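The values are calculated or read from the model by the stated rules, or taken from the named source; none is laboratory data. Just so it is clear, the model here is predicted, and its values are computed rather than measured. Backbone-built Cβ (ideal geometry, glycine too); neighbour counts: all protein chains shown. Ligands, DNA and RNA are excluded from the accessible area calculation, which covers all protein heavy atoms including side chains. Shrake-Rupley method; radii C 1.70, N 1.55, O 1.52, S 1.80 Å.
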Amino acid sequence: MTSPAQAPPMIRMAGVDKFFGPLHVLKNVELEVPKGQVVVVLGPSGSGKSTLCRTINRLEPIDSGTIEVDGQPLPSEGKQLARLRADVGMVFQSFNLFAHKSIVDNVMLAPVKVRKTSTSEARKKAMELLERVGIANQAEKFPAQLSGGQQQRVAIARALAMNPKVMLFDEPTSALDPEMVQEVLDVMTTLASEGMTMLVVTHEMGFARKAADRVIFMADGEVVEDSTPTEFFSAPKSNRAKDFLGKILTH
Amino acid sequence: MSVLTNNIDLYLRAFGTTIQLFFFSAIGSLVLGTFLAMLRVSPVPVLRAAATTYVTLLRNTPLTLVFFFFLFAYPLLKILQLEPFPAAAVALTLYTSAFICEVVRSGINTVPVGQAEASRALGLTFSQMLSNVVLPQAVRSVVPPLVSTLIALLKNTTIAAGFSVAEAGSISYSLSEQGEDLLAGLAWVAVFFVVLVIPLTLLQRSLEKRWSVAR
Ligand SMILES: Nc1ncnc2c1ncn2[C@@H]1O[C@H](COP(=O)(O)OP(=O)(O)OP(=O)(O)O)[C@@H](O)[C@H]1O
Ligand SMILES: [Mg+2]
């Protein structure tokens, strides 16, 4: 894969450190994600994957280092940060759909309030996106009336409604019943094949093999390996990765 | 019964004033109380501290003292002279908003953090997040205590009688001047209050029912 030298990477993290009190959760993290690439982040529990994901739209502020999104350093809290976040889609483990709003209103809210799109246009776009993730027939229901898999697909549609440059996923299928995992992964796989830049924290090895351009392996707050899925799964370099794969694959 | 029929004008006029006093102070304290609650959860420490001080001060001061201030001390400042009725409405609003603030804030605390995080991740500003996502859910979860606070406000309006506002609390003065049966007269005042509380209770029930689906 060749990337033009002048185009900035979609995500650039350099020398990023993050502490929770005395706990050093991100240690000198260096990471570049070029436009259009799908990066899967793997690692044992507590290794800092969620924290990494959340620093990219500054849901967690960092203690040192720099983070740039599409060539722009993350602004500090305020209007500018809100503008940047509008361009960075995020999907949470727990869906976090707005409980008091109907499905279609969930998808329309940010386009109307943040992008100032007209209600009719936002509704049209929302219905298209809901169609795409297969939930259009549930548009008037409330989140609590949908299954987990459906809620997560709505959450993806809600993020896509902002036309994000990049999508962050933090264990999007971990809270789902097993039979609902695939429907969400299918939506993500389609998104990946359409060229969306994605950073995906997941334990779904099938998705990593099939959809990822690159696998990052984290342990104890450090990026330990950075390779292609084939390389990573067939010939992991570090002992910690071997250990991790051993545990996962024997499941 | 004769107390009521002989003085029906007095009752209607007085309760008309009570309803107006309640109406203005209810709107005022809902608005101010919600605004104070927003300040209390704001990321700016000065705003948080200011709102906390306000609530501590007003919530711990007897309502009569707040009235005293607005009707006797405040005029000495010679800023803007207030008639007894608006002064009473202001006193009730300032006092009740401290309670509304605490009710709304407790509602905000029931809203899962994920709701705020999802809003921020979508690019909503702090105030957009509060007004579109957090407050609507917060209010839904505190309908009963909110209505209780309003019922307390309705009854607190009777304190204004002591400060030359001719609302329901003043009925007893007029009745005793006319040598009417005070006990029966006051019983009727109580009946009127019970009747006034009914719509509030109905409002509470219908809101609870309407919002139960969405949670
Ligand atoms: N808000 C917080 N306050 C204090 N410590 C935290 C906080 N969030 C995370 N941590 C700690 O930071 C470390 C990294 O957490 P993180 O959630 O990033 O791990 P993870 O790799 O996503 O784990 P998992 O696979 O369990 O989700 C953990 O030790 C965790 O306990
Ligand atoms: Mg995690």
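Figures for the structure shown
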{"read-out": "Helices (runs of 4 or more DSSP H) wholly inside the stretch B:85-159 that include at least 2 residues being within 30 Å of A:Phe92 (Cα to Cα) and open to solvent by less than 10 Å² (accessible area, probe 1.4 Å)", "value": "B:113-121, B:135-141"}
{"read-out": "Lone unmet requirement of (1) within 13 Å of chain B (Cβ to nearest Cβ); (2) within 16 Å of ligand 1 (Cβ to nearest atom); (3) surrounded by fewer than 22 Cβ atoms within 10 Å (Cβ to Cβ) for A:Cys53", "value": "(3)"}
{"read-out": "Flag for B:Ala73 being at pLDDT below 95 and under 21 Å from B:Ala152 (Cβ atoms)", "value": "no"}
{"read-out": "Some residue of the stretch A:4-13 being within 16 Å of ligand 1 (Cβ to nearest atom), free of Cβ contacts under 8 Å to residues at least 60 places away in the same chain and more than 14 Å from chain B (Cβ to nearest Cβ)", "value": "yes"}
{"read-out": "Set B:Leu39, B:Leu65, B:Leu80: member being part of a helix (DSSP H, G or I), over 18 Å from B:Leu150 (Cα atoms) and open to solvent by 60 Å² or more (accessible area, probe 1.4 Å)", "value": "B:Leu65"}
{"read-out": "Filter result for A:Ala175 (within 16 Å of the chain's Cα centre (by Cα) and either among the aromatic types (Phe, Trp, Tyr) or crowded, with 20+ Cβ neighbours inside 10 Å (or both))", "value": "no"}
{"read-out": "Every residue from the stretch A:130-148 that is closer than 15 Å to A:Met108 by Cα and touching a Phe, Trp or Tyr at 6+ places or on another chain (Cβ under 8 Å)", "value": "A:Pro143"}
{"read-out": "Output for the stretch A:133-148, where each listed residue is more than 9 Å from chain B (Cβ to nearest Cβ) and surrounded by fewer than 21 Cβ atoms within 10 Å (Cβ to Cβ)", "value": "A:Gly134, A:Ala136, A:Asn137, A:Gln138, A:Ala139, A:Glu140, A:Lys141, A:Leu146, A:Ser147, A:Gly148"}
{"read-out": "Odd one out for A:Ala110, checked against (1) more than 8 Å from every other protein chain (Cβ to nearest Cβ); (2) part of a helix (DSSP H, G or I); (3) not aromatic (Phe, Trp, Tyr)", "value": "(1)"}
{"read-out": "Residues (in contact with a Phe, Trp or Tyr (Cβ under 7 Å, 6 or more places away or on another chain) and part of a helix (DSSP H, G or I)) located in the stretch B:189-215", "value": "B:Phe192"}
{"read-out": "Residue satisfying all of: in the stretch A:149-196; within 16 Å of ligand 2 (Cβ to nearest atom) and in contact with a Gly (Cβ under 8 Å, 6 or more places away or on another chain); farthest from the other protein chains (Cβ to nearest Cβ) among these", "value": "A:Leu176"}
{"read-out": "Residue under evaluation A:His203, criteria (1) within 16 Å of ligand 2 (Cβ to nearest atom); (2) surrounded by 21 or more Cβ atoms within 10 Å (Cβ to Cβ), criterion not met", "value": "(2)"}
{"read-out": "The one condition in (1) more than 14 Å from ligand 2 (Cβ to nearest atom); (2) under 23 Å from B:Phe126 (Cα atoms); (3) surrounded by fewer than 19 Cβ atoms within 10 Å (Cβ to Cβ) that A:Met108 fails to fulfil", "value": "(3)"}
{"read-out": "Any pair with Cβ under 7 angstrom, 6 or more apart, that starts in the stretch A:49-65 at a residue that is in contact (Cβ under 8 Å) with a residue 12 or more places away in the chain and ends at one that is within 12 Å of ligand 1 (Cβ to nearest atom) and aromatic (Phe, Trp, Tyr)", "value": "A:Asp63/A:Phe19"}
{"read-out": "Single condition A:Lys113 does not satisfy, out of (1) away from ligand 1 (no atom under 16 Å from the Cβ); (2) open to solvent by less than 20 Å² (accessible area, probe 1.4 Å)", "value": "(2)"}
{"read-out": "B:Ala190 vs. criteria open to solvent by less than 70 Å² (accessible area, probe 1.4 Å) and in contact with a helix residue (DSSP H, G or I) (Cβ under 7 Å, 6 or more places away or on another chain)", "value": "no"}
{"read-out": "Failed item in (1) closer than 30 Å to A:Ile156 by Cβ; (2) out of contact with any Gly (no Cβ under 6 Å at 6 or more places or on another chain), with B:Thr157 passing the rest", "value": "(1)"}
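To keep it simple, each residue is scored yes or no on (1) within 16 Å of ligand 1 (Cβ to nearest atom); (2) more than 13 Å from chain B (Cβ to nearest Cβ).
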position: A:Val41; (1), (2): yes, yes
position: A:Ser45; (1), (2): yes, yes
position: A:Thr66; (1), (2): no, yes
position: A:Ser76; (1), (2): no, no
position: A:Ala86; (1), (2): no, no
position: A:Gln93; (1), (2): yes, no
position: A:Val104; (1), (2): no, yes
